[in-house]
Every structure is written in C-alpha cells, then in structure tokens.
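Chemist: Can you keep this structure in mind? I'll have questions shortly.
Quick note: the coordinates plus some simple rules give every number you see, no bench work behind them. On a predicted model such as this, the values are computed, not experimentally measured, just so you know. Positions of Cβ are generated from backbone atoms using ideal geometry, with glycine treated the same way; all protein chains shown enter the neighbour counts.
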Amino acid sequence: MQIISGILLSFALFLLPGPASASTWQIDPVHTSFQFSVRHMMVSNVKGVFHKFNGQFEIDDKDISKTKASAVIDVASIDTGIEKRDEDLRSPNFFDVAKYPAMTFVTKKLIKTGPGTFKMTGDLTMHGVTREVVLDMEGLETVVKDPQGKMRRGATLSTMISRKDFGLTYNKLLETGGVVVGDEVKISIEVELIRN
C-alpha cells in the first residue's frame, strides 16, 4: 500500500494548484463504485469491482471544462465474487499485481456535450501501459448539502476499452471456436464527491 499511497500523493500534487475559483472534491469511497464487465466463453458476462481506490477532482464551476481529476485503484482489491478467479486475475496471467499494483487515471480535457453530459478524456495506466481513453459522463454540476452539512456532488461515467491494448493478452481457445475471455471490457463508474 505504500507504493499506492505514493502514487496517490504524486497525482494530488499534479492537480495543484488549480484555478483560483476551483474547489477540491475528494472521492467518497463509501458511495463510489468502480465496476467492469467482460465477455466469458462468448455466451455471458462476468462482472467485477475494485474495492480500494482514492482520488479527487478540482472543479471550476465558472468554467466546468477546466475540471481536473485523478484516481488511483488498488488492483489487488479486484473482486468478481469467485476467489479462485480473482487470484488468477491478480497473477501474471492478467494484472500481475506484484509488478503493477496500481491502476491510475488522470484527465487531459473535459468537453460539455449537452445539458449535464460531458466527454472526459484522460490517460489510463494499467499493467504498465498508458493509453488515452474517453469516458462518457453525466452529472457533476448539481451540488447538495448532506445532513452532516457536507457538500456533495456526483457523476456517472462509462467507457469501453480493449484489454489487449494494455498488454492483457492471456487467453484460452474454445473447442467450438472463440475464446474464454473477451477482449472488450466495459467500465462503469458511479462517483460521489465530498468537498474539503
């Protein structure tokens, strides 16, 4: 976890200083989920989550396009509901968490596409490979005060990536044709933010 904490600190420093009108919002791990879905044996989808993560947003409400965000995910916290499968995913066959313990994302730009909708472009680093990805995002602009007096806002993000683009190429062939694990991975994120 020391490595992951160091990566998180580096990304936090990257975000600062923000615009004078920007405010800092931390990802609330209790009300945030990082989920994924991948095709299994060409006939069904296996879903999973990552339980340990951290990150923050620098949001300028006067110009939402200036928003910056970063997140760090502890890859070893992967959970598909089957421990044997999770152990395989942590192994060198897939994520190789001993060598690549963290997955990171840093925004490069945010474009408003309509009322409450955006395209968020950023660099995703996974398995030692960095690729630019574009996420569809809804929300972010609405701010509410919770019963404890803390300010909150949230967003829903999604994208599709190819695991092969990140060097995750391990697979097995089926006798009937096709492969055991699909290439395309659907990523779905529900993020809730708390203002410092």
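Chemist: What's the magnitude of the charge dipole for segment 44-121 around its Cα centre, counting Lys and Arg as +1 and Asp and Glu as -1 at the beta-carbon? Answer in Debye, nearest 20.
Modeler: Details: 13 positive and 11 negative charges, 79 e Å.
About 380 debye.
Chemist: List the residues, sorted by chain then number, that are 5 or more residues from residue 61 or on another chain and whose placed amide H is less than 5 Å from its amide H.
Modeler: 23
Chemist: Normalising by the residue count of segment 106-154, find the relative contact order in percent from Cα pairs under 8 Å and 6+ residues apart.
Modeler: Working: 74 pairs, mean separation 12.7, N = 49.
Relative contact order comes out at 26 percent.
Chemist: Additional query: What order, most packed first, do the peptides 129-136, 62-69 have when packing is the mean number of other Cβ atoms within 10 Å of each residue?
Modeler: 62-69, 129-136
Chemist: If you count, for each residue, the other Cβ atoms within 10 Å and average over each peptide, how do 78-87, 50-59 line up from highest to lowest?
Modeler: Listed from highest to lowest mean packing, they are 50-59, 78-87.
Chemist: Please say if segment 53-101 is rounded, prolate or oblate, where rounded means a/c under 1.5 for a ≥ b ≥ c the square roots of the C-alpha gyration tensor eigenvalues, and otherwise the choice is prolate for a/b larger than b/c and oblate otherwise?
Modeler: Prolate is the answer for segment 53-101, as a/c is 1.5 or above and a/b outweighs b/c.
Chemist: Taking θ = phi - 60°, what integer Hz values does the Karplus form 6.51 cos²θ - 1.76 cosθ + 1.60 yield along segment 120-136, in sequence order, with x for Gly and Pro?
Modeler: 9, 9, x, 9, 9, 10, 8, 6, x, 10, 10, 10, 7, 10, 10, 10, 7
Chemist: Moving to a separate point now. Short version: ³J(HN,Hα) in whole Hz for each residue of segment 156-168, in order, from phi by Karplus 6.51 cos²θ - 1.76 cosθ + 1.60 (θ = phi - 60°), x for Gly and Pro, what are they?
Modeler: For segment 156-168, the Karplus-derived couplings read 10, 10, 8, 6, 10, 10, 9, 5, 5, 4, 10, x, 8 Hz, x marking Gly and Pro.
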